[in-house]
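Every number here is computed from the coordinates shown, using simple stated rules; none is lab data. Quantities reported herein were computed from a predicted structural model and do not represent experimental measurements. Positions of Cβ are generated from backbone atoms using ideal geometry, with glycine treated the same way; all protein chains shown enter the neighbour counts.
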Amino acid sequence: MAKVGVIGAGAVGSAALLSLVLRGSAREIVVWNRNRKRAAGVVADLGYGATLSPVVDLRDGDYSDLTGSGLMMIAAGVNEKTGGATDRRDLAGRLRLLDKNAGVYREILPNLLKAAPDAVVLVLTDPPDPLADLVRSHGFEHVLSSGTFLDSLRFRYHLGRHLDVTPASVEGDVLGEHGTSEVFLWSSARVGGVQIEAGSDVQQRIEREVRYANITIIEGIGASQFGIGMVAARLAEVVLRDERAVIPIGSYNAKYGLTLSMPSIVGRAGVVRILEPDMTDEERQALQRSAETLRKAAARIGVLNESSSA
């Protein structure tokens, strides 16, 4: 099913739509927004330019129009700037948005389940990991969090700049939470099969650039949107084409009992298999701490018992 539903036509939803149209990721796209007039305006604006892109049936719609979607992207909710999550000293980071955005999700999820219960759901709203657990609790079986895919791309970008090579030639993953507790797998970072050696000062600088990239972007343009929009379109292709691509992405992990990011094989049904990479003891302990951070967040919105253990 090459049909995508996009829920929310704000900054991230609109950026995802733009990337979907430019890349020709889907044959049919339906946009839902609480204010339908905004959805109609975004569709009209994109529709005029879509003449230059691969053919797509792009329209705004109601919940019933989402029926038959192979993938539903949810980008509804408040962003970091509006929600006050732009302080680098605040360890909560994106998790500060959780309670308000969980409320938004609880309003729309019952309607989405009626419209497309078998669709793969891709959570783009921050914080995506506990919100993905909330989606699962409402009866959806195939749920993805955008997770650390974008963080990993940012990691590779900064490694590429450090090494003076194209980021496409760099292997490097960020795992765990899409947030301040995320884990950088320096032990497996490579270029051309050669392990990347970087001093502690370089590692700290790159980690800081990646961990707070969203805040840097928001300080410049008001919203972190284009990178995640491009990631969303790429994920749509992986799902709709059943590519079985290996991506660091968030999904429910039985070992940890919640949603967090690990390298995973992704296809038409979402995550087909979670891969367990080699890690140093320090990296493994950091991943456990990241899982604990997410466990407390999920417990806060009532989708997980905080006392449960991995």
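Restricting region 196-276 to GluC sites (Glu not before Pro) that sit in a DSSP loop and have at most 13 other Cβ atoms within 10 Å of their own Cβ leaves Glu197. Charge dipole (Cα centre; +1 on Lys/Arg Cβ, -1 on Asp/Glu Cβ; no other charges) of region 129-171 amounts to roughly 140 debye.
The magnitude of the dipole of the chain, with charges of +1 and -1 set on the Cβ of Lys/Arg and Asp/Glu and taken from the Cα centre, is near 660 debye. Over the chain, DSSP H runs of length four or greater, each weighted -39,500 (n - 2.57), average out per residue to a 222 nm ellipticity of -13500 deg cm²/dmol. The simple Förster model, with R0 at 25 Å and r as the Cβ-Cβ distance, assigns Leu52 and Asp242 a FRET efficiency of 0.35. Within the same chain, lysines fewer than 8 places from Lys255 are excluded, and of the rest, those with a Cα less than 26 Å from its Cα are Lys296. How many percent of DSSP beta bridges within the chain run antiparallel, rounded to 5? Antiparallel: roughly 50 percent of the beta bridges in the chain. Checking every one of the trypsin sites (Lys or Arg not before Pro) in region 147-250 against DSSP loop status and a limit of 15 other Cβ atoms within 10 Å picks out Arg241, Arg244. Pull out a ≥ b ≥ c, the square roots of the eigenvalues of the alpha-carbon gyration tensor of the chain, then state rounded if a/c is under 1.5, prolate if not and a/b is larger than b/c, and oblate in the remaining case. Here the chain falls in the prolate category. Shown for Thr86, Thr148, Thr166: other C-beta atoms within 10 Å of each C-beta, ranked fewest to most, produce the order Thr166, Thr86, Thr148. Rounded to the nearest 20 debye, the dipole size of region 149-300 about its Cα centre is 500 debye, using +1 on the Cβ of Lys and Arg and -1 on the Cβ of Asp and Glu.
Qualifying GluC sites (Glu not before Pro) in region 125-195, where qualification requires a DSSP coil assignment and no more than 16 other C-beta atoms within 10 Å, comprise Glu141. Once the Cα atoms are used to define both axes, helix 200-211 deviates from the longest principal axis of the chain by about 10 degrees. Taking a straight line from the alpha carbon of Lys3, these lysines sit under 22 Å away, with near neighbours fewer than eight places off in the same chain left out: Lys37, Lys114.
Against the main long axis of the alpha-carbon atoms of the chain, helix 149-163 sits at an angle near 50°. Could you state the angle between the C-alpha long axis of helix 128-137 and the longest principal axis of the C-alpha atoms of the chain, as a value from 0 to 90 degrees rounded to the nearest 10? Roughly 60 degrees between the two axes. 3J(HN,Hα) couplings calculated from phi for region 36-41 with the Karplus curve 6.51 cos²θ - 1.76 cosθ + 1.60 (θ = phi - 60°) are, in sequence order, 5, 4, 5, 4, 5, x Hz; Gly and Pro show x.
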